[in-house]
Amino acid sequence: MEWTRKDLLSLYDLSAEEITFILDTAEEFKKVSERRVKKVPALRGKTVVNFFVEPSTRTRVSFELAEQRLSADIVNMQAAVSSLRKGETLLDTVRNIEALQVDLVVMRHSAPGAQDFIAKHLSCGVVNAGDGAHSHPTQALLDIFTIREKLGTLKGVNVTILGDILHSRVARSNMWGLLKLGANVTFAGPSTLVPREFEEVGVRVCHDLKDALRDADVVNLLRIQHERQTAGFFPSTGEYAKFFGINRERVKEMKPGALIMHPGPINRDIELSSEVADGPNSVILEQVTNGLAVRMAVLFLVAGCVKK
Ligand code: CP
């Protein structure tokens, strides 16, 4: 197929064929990072601005490294010391960035839809590195890439996503991608954090942990997002860990070999015990490794569609 999008904003927008094309392209780019010289000239002469208006470790470092491995020129903008602090609008800020003949803007923002908004106004490409509780497409792509790499397919695979679904852009992006590729998706956790509304798009909603774990081939755990908890969704983190945390005993209730995933950052011993996070079922660091290949693929594909 031919890639035709200058922006990557959400997996909701993509067809199964487009998602598969990104995954296949990422497989090729993964080989680059396994070479002695981990660099290709694919984005030589292109300029990428990384604009993170919300904290990030994995996504920011992964994008920056992906850009370096593709030989792009990079500018890392710090929102805290940008003119946003002086009252400049987001649109004015990114229009000024674009006036410097930038090819791509990789942006994280706390406002859902911020990247959709700027993409409509810019002729350079926009890659969404996470917007509020809305979308985190490259995280979902790397999760899906890891499942496909480990299990060989997405079709018919049972994926349980457990935790704070309500506030999770990772859950929403995984949901669209996994459903499009034929996986069975269960959202699990306390009823205050896992609304029934998701059933309308084909997700199984489950508030009973045993039930959610029994048939899972993959359990993807979500962080309890302290910064987004505006109401008491559960009595305490200790209580959450007791009823919904994954520990060695709960792994015994899963299928043998079920994959344990987590997008990070982990709240150790709250949603996931350290011995499981670092244990044989965990593919958490492989997710991080795969994120680099996925982001190289995304940057390469969208850059090819940015008009000069
Ligand atoms: N998974 C994820 O988005 O992590 P960061 O917030 O560290 O980028």
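The values are calculated or read from the model by the stated rules, or taken from the named source; none is laboratory data. Note that this is a predicted model, so its numbers are computed, not measured. Cβ sites come from the backbone with ideal geometry, for glycine too, and all protein chains shown count toward neighbours.
Looking only at residues of region 78-114 that are within 16 Å of the ligand (Cβ to nearest atom) and assigned to a strand (DSSP E or B), we find that the one that is surrounded by the most Cβ atoms within 10 Å (Cβ to Cβ) is Val106. Filtering region 50-77 to residues that are touching a strand residue (DSSP E or B) at 6+ places or on another chain (Cβ under 8 Å), modelled with pLDDT of 95 or more and either away from the ligand (no atom under 16 Å from the Cβ) or farther than 13 Å from Val105 by Cβ (or both) leaves Thr59, Arg60, Glu64, Gln68, Ala72, Asp73, Ile74, Val75. When region 6-26 is filtered for residues that are crowded, with 16+ Cβ neighbours inside 10 Å and either of a type outside the set (Ser, Thr, Tyr) or closer than 17 Å to Ala72 by Cα (or both), the ones remaining, listed by number, are Lys6, Asp7, Leu8, Leu9, Leu11, Leu14, Glu18, Ile19, Phe21, Ile22, Leu23, Ala26.
Scan region 50-64 for residues that are of a type in the set (Asp, Glu) and either outside the structural domain of Leu84 (by TED's automatic domain parsing) or assigned to a helix (DSSP H, G or I) (or both) and the total you get is 1.
Test Phe300 against the stated conditions and say whether it is more than 16 Å from the ligand (Cβ to nearest atom), closer than 30 Å to Lys46 by Cβ, in contact with a helix residue (DSSP H, G or I) (Cβ under 9 Å, 6 or more places away or on another chain) and in a helix (DSSP H, G or I). Spelling it out, Phe300 is indeed more than 16 Å from the ligand (Cβ to nearest atom), closer than 30 Å to Lys46 by Cβ, in contact with a helix residue (DSSP H, G or I) (Cβ under 9 Å, 6 or more places away or on another chain) and in a helix (DSSP H, G or I). For region 16-55, the tally of residues that are among the polar types (S, T, N, Q) and in contact with a Phe, Trp or Tyr (Cβ under 9 Å, 6 or more places away or on another chain) stands at 2.
Look at region 246-275: where a residue is in contact (Cβ under 8 Å) with a residue 40 or more places away in the chain and within 16 Å of the ligand (Cβ to nearest atom) and a partner is small (Gly, Ala, Ser) and assigned to a strand (DSSP E or B), sitting 6+ places away or on another chain with Cβ atoms under 9 Å, you get Ile260/Ser282; Met261/Ser282; His262/Ser282; Leu272/Ser282.
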